[in-house]
1. Do you know which of the residues in region 274-286 that are away from the ligand (no atom under 11 Å from the Cβ) and touching a residue at least 12 places away in the same chain (Cβ under 8 Å) is surrounded by the most Cβ atoms within 10 Å (Cβ to Cβ)?
2. Of all residues in region 274-301, which are in a helix (DSSP H, G or I) and either at pLDDT below 95 or in contact with a strand residue (DSSP E or B) (Cβ under 6 Å, 6 or more places away or on another chain) (or both)?
3. Looking at region 258-273, is at least one residue away from the ligand (no atom under 16 Å from the Cβ) and part of a strand (DSSP E or B)?
4. Among the numbered criteria (1) under 16 Å from the mean Cα position of the chain (by Cα); (2) without any contact (Cβ under 8 Å) to a residue 24 or more places away in the chain, which one does residue 113 miss?
5. If you go through region 202-216 one residue at a time, do you hit one that is more than 16 Å from the ligand (Cβ to nearest atom) and either in contact (Cβ under 8 Å) with a residue 60 or more places away in the chain or over 23 Å from residue 137 (Cβ atoms) (or both)?
6. Would it be correct to say that residue 163 is modelled with pLDDT of 95 or more, within 14 Å of the ligand (Cβ to nearest atom) and outside any loop (DSSP other than H, G, I, E, B)?
7. Identify all residues within region 174-189 that are modelled with pLDDT of 95 or more and either more than 8 Å from the ligand (Cβ to nearest atom) or in contact with a helix residue (DSSP H, G or I) (Cβ under 6 Å, 6 or more places away or on another chain) (or both); write none if there are none.
8. Before we move on, is residue 168 touching a helix residue (DSSP H, G or I) at 6+ places or on another chain (Cβ under 7 Å) and more than 16 Å from the ligand (Cβ to nearest atom)?
Ligand code: UDP
């Protein structure tokens, strides 16, 4: 039986990865410091023989007894509001955290896959973004703590690969959505759905002409499994190339939820990328992968999850007031 360590296991993506590797017959060790993750996302796994959980901050030395075949490094705050609230932890988990994971992988002879991001492309001048594009990132802007941590993480991972011969994989994840996203993480989808469920107006930032391309979580997880099992060590984009404007997206959420509320416009945060769409030619060619779940189906599945949350959860996780964080 193969053993896999998943950092950020209690987060949105980490918890779906735990589910997938349990289903595939692995012994799964989840690790999380629970700053942004929630035990609720993995509580159904605690009764299983082949799931263990370590409450640990990966920015500190990591000790895991026994053998390890794979490590997935998914621990990191990953939404603009999170990395504005906890910028130092965001930098630490992408730098000290990856160093600890790399050291552990080297000791155990494990293969390491790291979660990178489309944010490494910044506010891109090339559209859609292929892996060869080096990006347009502001290191000292508010997003810099996330973007540069992830860029450093890629550099560190490549250095261990070339210098120590470590088996490494790098996935650049574009906007992904699905059940278990945090209602108050500030991301556009939980923001809009939370607003609709609470009977509030939907807040579109800027004029809503900025674009994003949303990938359903199950498609992403399938791509990650394929990348882990491939022999390709350079970065690979994973995302859904179906691109829409944020205004159109708000209209889709209004239709989906049947809310009577309207769209209101707020200031656009500084350095908010104007357009984003993955070029997934590489994933198609190397992994024979492309997304299968369209936005209509994915949004219905996601809405079904949010609808089940209790009134208390909806209020307790009231959408963060972004005004405090307008990045001027
Ligand atoms: N956004 C918005 N209203 C919100 C939250 C976000 O219009 O309540 C916009 C945000 O400015 C950005 C897009 O939606 O242009 C996607 O934002 P998100 O935080 O989900 O991800 P990212 O900017 O990292 O792609």
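The values are calculated or read from the model by the stated rules, or taken from the named source; none is laboratory data. Note that the structure is a prediction, hence the values are computed from the model and not measured. When we count neighbours, we look across all protein chains shown, and the Cβ atoms used for this are built from the backbone with ideal geometry, even at glycine.
1. Result: 278.
2. Listed by number, the residues that qualify are 282, 283, 298.
3. no
4. It fails just one condition, (2).
5. The answer is no; no qualifying residue exists.
6. It is false that residue 163 is modelled with pLDDT of 95 or more, within 14 Å of the ligand (Cβ to nearest atom) and outside any loop (DSSP other than H, G, I, E, B).
7. Start the filter on region 174-189 by keeping residues that are modelled with pLDDT of 95 or more, which leaves 174-181, 188-189.
Within region 174-189, 174, 176, 177, 178, 179, 180, 181 meet the criteria.
8. When the stated conditions are applied, residue 168 passes them.
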